[in-house]
Amino acid sequence: MLGLEKKDFRLLLIVVALTMLAPFILNPFPEGSDMAQFNAGYPDLMQRFVIFGILAIGFNILFGLTGYLSFGHAAFLGVGSYAAVWMFKLLSMNVVPAILLSVIIAGVFALIIGYVSLRRSGIYFSILTLAFAQMSYALAYSVLTPLTGGETGLQPKPGDPRILDGALAPGETATPGFFGLFDMRDSLELSVGGWVFTFNVGYYFAAVIMIIAFYISIRIFRSPFGMMLRAIKSNQTRMSYTGLNARPYTLAAFVISGMYAGLAGGLLVSMDPQAGAERMFWTASGEIVLMTILGGAGTLIGPVLGAGFIKYFENIVSKINKTTLEGWFYWMPDGIEDVVITIIYPFVGKGWHLTLGLLFMLVVIFLPGGLVEGGQRIAAALKRKKPDDAKSSATEPAE
Amino acid sequence: MDQIILQILNGLDKGSAYALIALGLTLIFGTLGVVNFAHGALFMMGAFVSVTVSKLLTLSHKVVDETRTDFLGNPLQVDVPYVYDWFGQGAGDAIIDWAVPISIIFAIPIMVTIGFIMERGLIKHFYKRPHADQILVTFGLAIVLQEVIKYFYGANPIPTPAPSAFTGSFDFGVAFGFDPNAIIYPYWRLVYFFFSVIVIGAVFAFLQFTTFGMVVRAGMADRETVGMLGINIDKRFTVMFGIAAAVAGLAGVMYVPINPPNYHMGMDFLVLSFVVVVVGGMGSLPGAVAAGFLLGILESFASMSAVINILPGINQIIIYLVAIIILLTRPRGLMGRKGVMEE
């Protein structure tokens, strides 16, 4: 189906189902209950899930397939964001031209950086991409202020030309839309019993794009081109002995993953029309790496899982505070309650980075394949157990 | 001319920090072949050793001073640091004043221990894994260390002053025959520069003139052969990791009066130090030191207003720009050896 093997098509269907039903799946707890803060089904967070999913899918095409570890991917996200805001300022609040431009600009940017950086490999490549990203960050923050808004960031303002829509009146704000048919911020709320489900236009727009991006990435993984990229990862020297030049392939992979990042940047701006330089800082690049590794580099679904996992943590775990903890452990005897809360407290709320760091270390040490490998191991363990159980139950009576 | 001297001097203190961190990074890389992203965190921990020591030295207890009264007429309670009780008031004051240099004594064993624990507990298991894995696990470790420090010390910078003997500035203008006040340079930055020169010299002397250092250098050149000669090279490399950690820690200890430390100072320095290492040439100790000072001085030249007027923003990007140019024209960096990190 759609040029995919059966297994991949099933995976695609699962992703489609999950993203389309996300408002239900992510809201398992009724409104107002104790567990309601674990609900992730609000538009802002769901949009982040899919947008950072796109970012991680793109990064995975580079890192997962070729093994080139780019530490400057956030630069493309930032460039894409700026491009999209400029489209809003100059043309109209329609998201389609904005996203197209952000993909193109990020692609061109990736072509330039990639052409230079890919002359080297290994750690030198990582440092080169890091250097380029930090340079872009520093320039966006200082000298390029007319273009990027500097410290205050870039956002649509009254007085922008906006050729198609006409200039904004003072005090009027505009929200991004889709050909004037939908507004990205429109939502439909559905109350069933104690549950409230929110269906947001922006989320579904981003989700459809993510599904397309995911489909393209499956096609790349299964194509001869993807095979070439994997050959680069496993043994570049041997590949060049067979008369193949690795550079065009790595450059293509770099540009594609840069375009994915630009797409994610454009989408971020489409949901919330502003862009700032901090999006390009090297910690943002580090976060992309974390997402991909945590989920499982080189696997199809891993990066999406990793992105969702980190964004969920960032938004949910960081909201847990002392009162919440006291609410959970009220049933314990007083002394033990205090001890438990004192132990857990440093890991939640403001300290969620600590949990993330520990988790990330554990994954790198014990599960180099990320969450996907963890899932596979569990599945394998369960599979092994079942026949064993059947056998033992079958043999025991005989003895 | 005076401007040029001033910029060179300005570059020296930053350059010293870069050089010290890069030296440690290169030591670890050259001996163990590990890319240590947690090295900036070691620098930061050194800085916080200094903060902790100065806090401990000012620990005090309340004593009722009969001679003075507070505004209610009751006898005044005064905080008396414990060091007063132990050494008398004069010596106690001096000790508190010299808290930062005194921290060096504590920092060396603490940092060496941290280095040992890191190497034996974590990094040892990553020798056979790809470089990407090493980068990632040490990156995770850096986040953890950083967050632990943030939990205990908070997110705000903690100012810790230099000894009062070094608080002023030195007027180089007079010394070199220029106008007075043309070149003013804080004493502590001079101290920092000389300190780093001493540390760097000590590390090089240790490697060059001791038997232990000779074995380590042999191990860096050809680990397998040294192992076959019946020398336990792993043990010595562990010691080198401890030394590298101590060098980074000392850089941090003495840096505290220049910039109040906060929990992410390590990361800020780490990125630049990596650039320094790569510019100097992976695995080359003199290269790392030279590149550290060179980039520090270049950075301060780029922030001269005359330069900024011609090329706006150059001060922000000069280091990265130089790194890109050097990596593309001299792939092994300034003094890189052949065959290091070239797979």
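The values are calculated or read from the model by the stated rules, or taken from the named source; none is laboratory data. This one's a predicted model, so the numbers in the text were calculated from it and none came from an experiment. Don't worry about glycine lacking a Cβ; one is built from the backbone with ideal geometry, like all the others, and counts go over all protein chains shown.
A compact table of results
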item: Those helices (runs of 4 or more DSSP H) lying entirely in the stretch A:1-90 with at least 1 residues crowded, with 23+ Cβ neighbours inside 10 Å and among the hydrophobic types (A, V, I, L, M, F, W, C); result: A:43-66, A:74-90
item: Matching entry among B:I117, B:I158 (being farther than 23 Å from A:A284 by Cβ, hydrophobic (A, V, I, L, M, F, W, C) and assigned to a helix (DSSP H, G or I)); result: B:I117
item: Condition check for A:E314: more than 14 Å from chain B (Cβ to nearest Cβ) and not small (G, A, S); result: no
item: Condition met for B:I102 (more than 14 Å from every other protein chain (Cβ to nearest Cβ) and at pLDDT 80 or above); result: yes
item: Looking only at the stretch A:358-380, and only at residues there that are within 14 Å of chain B (Cβ to nearest Cβ) and surrounded by fewer than 16 Cβ atoms within 10 Å (Cβ to Cβ), the one that is farthest from the chain's Cα centre (by Cα); result: A:F366
item: Helices (runs of 4 or more DSSP H) enclosed by the stretch A:213-303 - at least 2 residues per element that are surrounded by fewer than 23 Cβ atoms within 10 Å (Cβ to Cβ), over 13 Å from the mean Cα position of the chain (by Cα) and aliphatic (A, V, I, L, M); result: A:224-234, A:246-271
item: Candidates B:L57, B:L42 - the one that is closer than 30 Å to B:L25 by Cα and of a type outside the set (V, I, T); result: B:L42
item: Test: residue in the stretch B:231-245 that is β-branched (V, I, T) and loosely packed, with under 12 Cβ neighbours inside 10 Å; result: no
item: Condition check for B:S305: surrounded by fewer than 22 Cβ atoms within 10 Å (Cβ to Cβ), over 20 Å from B:H131 (Cβ atoms) and either basic (K, R) or under 21 Å from the mean Cα position of the chain (by Cα) (or both); result: no
item: Residue in the stretch B:313-330 that is among the hydroxyl-bearing types (S, T, Y), more than 9 Å from chain A (Cβ to nearest Cβ) and surrounded by 24 or more Cβ atoms within 10 Å (Cβ to Cβ) present; result: no
item: Every residue from the stretch B:81-99 that is assigned to a helix (DSSP H, G or I) and either within 14 Å of another protein chain (Cβ to nearest Cβ) or surrounded by 13 or more Cβ atoms within 10 Å (Cβ to Cβ) (or both); result: B:Y82, B:V83, B:Y84, B:D85, B:F87, B:G92, B:D93, B:A94, B:I95, B:I96, B:D97, B:A99
item: Any hit, the stretch B:293-306, residues being within 11 Å of chain A (Cβ to nearest Cβ) and more than 18 Å from B:L25 (Cα to Cα); result: no
item: So B:I243, is it within 14 Å of chain A (Cβ to nearest Cβ) and out of contact with any Lys or Arg (no Cβ under 9 Å at 6 or more places or on another chain); result: no
item: Positions within the stretch A:192-216 being over 22 Å from A:V95 (Cβ atoms) and touching a residue at least 24 places away in the same chain (Cβ under 8 Å), in sequence order; result: A:G193, A:G194, A:W195, A:V196, A:F197
item: Test set (1) assigned to a helix (DSSP H, G or I); (2) touching a helix residue (DSSP H, G or I) at 6+ places or on another chain (Cβ under 7 Å) - A:I104 fails condition number; result: (2)
item: Those residues of the stretch B:239-272 which are touching a helix residue (DSSP H, G or I) at 6+ places or on another chain (Cβ under 6 Å) and not in a helix (DSSP H, G or I), in sequence order; result: B:V256, B:P257, B:P261, B:Y263
item: Of the criteria (1) over 22 Å from the mean Cα position of the chain (by Cα); (2) away from every other protein chain (no Cβ under 14 Å); (3) assigned to a helix (DSSP H, G or I), which one B:K124 fails; result: (2)
item: Selection within the stretch A:104-113 - away from chain B (no Cβ under 14 Å) and surrounded by fewer than 20 Cβ atoms within 10 Å (Cβ to Cβ); result: A:I104, A:V108, A:L111
item: Condition met for B:V275 (within 14 Å of another protein chain (Cβ to nearest Cβ), part of a helix (DSSP H, G or I), touching a residue at least 24 places away in the same chain (Cβ under 8 Å) and within 17 Å of the chain's Cα centre (by Cα)); result: yes
item: Check on B:G154, loosely packed, with under 15 Cβ neighbours inside 10 Å and on the phi > 0 side of the Ramachandran plot; result: yes
item: Conditions (1) surrounded by fewer than 24 Cβ atoms within 10 Å (Cβ to Cβ); (2) farther than 30 Å from A:R119 by Cβ; (3) of a type outside the set (S, T, Y): number failed by A:L101; result: (2)
item: Restricting the stretch B:143-162 to residues that are more than 17 Å from A:K350 (Cα to Cα) and aliphatic (A, V, I, L, M), the residue that is nearest to the other protein chains (Cβ to nearest Cβ); result: B:I158
item: The one condition in (1) farther than 19 Å from A:G64 by Cα; (2) touching a His at 6+ places or on another chain (Cβ under 9 Å); (3) of a type in the set (A, V, I, L, M, F, W, C) that A:W282 fails to fulfil; result: (2)
item: Failed item, numbered, when A:V116 is tested on (1) within 13 Å of another protein chain (Cβ to nearest Cβ); (2) β-branched (V, I, T); (3) more than 22 Å from B:R332 (Cα to Cα); result: (3)
item: Pairs, first touching a residue at least 12 places away in the same chain (Cβ under 8 Å) in the stretch A:280-303, second hydroxyl-bearing (S, T, Y), C-beta under 7 Å, six or more apart; result: A:M280/A:S136; A:M280/A:Y137; A:F281/A:Y137; A:L300/A:S217; A:P303/A:T292
item: Within the stretch A:129-183, tally of residues that are surrounded by fewer than 16 Cβ atoms within 10 Å (Cβ to Cβ) and within 27 Å of A:V255 (Cβ to Cβ); result: 1
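Rundown of residues vs (1) within 27 Å of B:E299 (Cβ to Cβ); (2) among the hydroxyl-bearing types (S, T, Y); (3) more than 7 Å from chain B (Cβ to nearest Cβ), yes/no style:
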position	(1), (2), (3)
A:Y124	yes, yes, no
A:T129	yes, yes, yes
A:M135	yes, no, no
A:L144	yes, no, yes
A:L154	no, no, yes
A:P158	no, no, yes
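Results for (1) surrounded by 23 or more Cβ atoms within 10 Å (Cβ to Cβ); (2) more than 20 Å from B:L122 (Cα to Cα); (3) not β-branched (V, I, T), shown as yes or no for each residue.
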position	(1), (2), (3)
B:A17	yes, yes, yes
B:L20	yes, yes, yes
B:G24	yes, no, yes
B:F29	yes, no, yes
B:H39	yes, no, yes
B:F43	yes, no, yes
B:A47	yes, yes, yes
B:K55	no, yes, yes
B:S60	no, yes, yes
